[in-house]
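The values are calculated or read from the model by the stated rules, or taken from the named source; none is laboratory data. Being a predicted model, the structure only gives us computed values, none of them experimental. Glycine gets a Cβ as well: all are built from the backbone with ideal geometry, and neighbour counts include every protein chain shown. Protein only, heavy atoms only, side chains kept; ligands, DNA and RNA dropped before computing areas. Shrake-Rupley method; radii C 1.70, N 1.55, O 1.52, S 1.80 Å.
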Amino acid sequence: MKLLIIGSGGREHAIAHCLRRDAPDATIHAAPGNPGMLDTAELIEIPAEDIGALLDFAVDRRIDLTVVGPEAPLASGIVDRFQQAGLPIFGPDRAGARLEASKAFAKQLMRNCGVPTADYETFDDAREAMDYVAGHAEPLVIKASGLAAGKGAIVCETRDEARTAIEEMMIGGKFGTAGARVVVEEFMHGVELSVFFVADGERAVPLLTSRDYKRVGEGDCGLNTGGMGAYAPAAPADPAFIDDVRRRIAQPVLDAMGEAGAPYRGFLYAGLMLTAEGPRVVEFNCRMGDPETQVVLPLTSSNLLEPMLRVARGESLAGWHPEAAAGAALVTVMASAGYPASSDAGRPIRIPAFDPDRVRVFHAGTAMEGGRLVTAGGRVLGVVGLAGTLEEAGRRSREAVAEIRFDGAHSRSDIGWHALEPGRLGPAGSALIGPPGAAAL
Ligand code: AMP
Ligand code: GLY
């Protein structure tokens, strides 16, 4: 069996581990991958966005399954191209990837099929967006409709901030074409939760719940990042709650996509806000989350390769019920100096050996330089603690972080606080802390 993983982050490193476990004898390629993945895969120097070169490689090597990690190639139609060439590939096609690549499309779909989400309007004209904001309650959220590397959502405390955000996106071109259309959205109060589904075009099968930490600083302060840590499982993780999310949120979306002639196959990421009125959708992504994958997959004890192959071949997931190991996982991301405003590179990294049953280190922004492992990006490593309890998993993650060295490294020591320090939560489950100047989030 020959497998190809596309992408180069911690998510792809975790996927590689999972596929290696499920197919010990497989040849696994990663394009472009990262040096950490050399423990399970052969690296191919093709960027994740170079669909033509990836297709040539997969045809040439007769790849049995390609798994796509990041959203950009999915939104560019990598799945359509591979399918046209008759190559099995796991992920949504370009039409499906619009659930992430166009917030305007995703919001309209949710409105049409009654999926609970924040109230919103979409605008192509800055003046109209400003007029709408003038009558909107505070706080509010301004979102670039297109792909903006996770930075396109601006939570605004005031209408003035919202006007500035609209101006930057629609007039200043802050996110390029991605910000030419904006969604103005109601602010939802609550705690966030990520739920990933594996979808076969008709049904959605949930994996473990998780929660990620997007702000760079302790206490959820400072700039938004791609994610500074995560833990799994995250409450509420009981089967009744998950099934409710599946029925009221994932299934209507799959039904609507199917009816539109674009059956959705691949991972579906539902980013939820747990509000007083129940779970509501913050966003859909057309892939697994990062760093959440780094805690969800190590706890997923069922074989994942087999259902991925089924979906890639257009077969059904009927009868597949993934199982999770008991216990918990918590990942702390180690970032390089300046992240997320800027990023540093070329700093030598020293990682001691860890017991893989307790600690796993997934690579993200790393490179080999003159035979040495060095930093090569903002998020450098994901340090996962695994244990019977979340408390212990967190301790193992933090202790391992303390033993890993590179110049300028920074990380958060409070990942998992929603579960580990519930005293920080207000009576309605709302967090009592937040970014500087923000009201209670
Ligand atoms: P998104 O790119 O849509 O996932 O948004 C990024 C982050 O902004 C989310 O993870 C939330 O923390 C926050 N956010 C986005 N939309 C809303 C909303 N309507 N209400 C509250 N927070 C939001
Ligand atoms: N951790 C959030 C994301 O992957 O979009």
Other-chain or far-sequence residues with amide H under 5 Å of LEU43's (modelled H): ALA30
From zero up to wherever the largest Cα-Cα distance of the range 1-98 sits, split into 5 Å bins and tell me the percent of pairs in each. 3, 15, 28, 26, 19, 7, 1, 0
Order these peptides, 63-73, 371-381, by their mean beta-carbon neighbour count within 10 angstrom, highest first. 63-73, 371-381
With the contact rule set at Cα under 8 Å and sequence spacing of 6 or more, what percent relative contact order holds for the range 72-150? 28
Report the dimensions of the range 156-263 along its three principal axes from the alpha-carbon atoms, largest first, rounded to Å. 42, 40, 21
Probe radius 1.4 Å, ligands and nucleic acids left out: which of ASP60, ASP119 has the largest accessible area, and how do the rest follow? ASP60, ASP119
Taking a quarter of the surface of the convex hull around the Cα atoms of the range 49-178, what do you get in nm²? 9.3
Mean separation of Cα contacts under 8 Å (6+ apart) over length of the chain, as relative contact order %: 16
Over all alpha-carbon pairs in the range 237-353, figure out the percentage whose distance exceeds 22 Å. 52
Viscosity 1.002 mPa s, 20 °C: Kirkwood-radius Stokes-Einstein D of the chain over Cα pairs, µm²/s: 97
Could you sort 83-90, 279-286, 212-219 so that the peptide with the highest average Cβ count within 10 Å comes first and the rest follow in order? 279-286, 212-219, 83-90
Paramagnetic label zone (point 7 Å from Cα along Cα-to-C-beta, ARG203; backbone N under 11 Å) in the range 315-336: 316-322
Run the helix sum for the chain: -39,500 (n - 2.57) per DSSP H stretch of 4+ residues, divided by residue count, reported at 222 nm to the nearest 500 deg cm²/dmol. -7500 deg cm²/dmol
How high is the relative contact order of the range 158-311, in percent, with contacts defined as C-alpha pairs under 8 Å that are six or more residues apart? 25
Amide hydrogen neighbours beyond the local backbone of GLY190, cut-off 5 Å, H modeled: ALA431
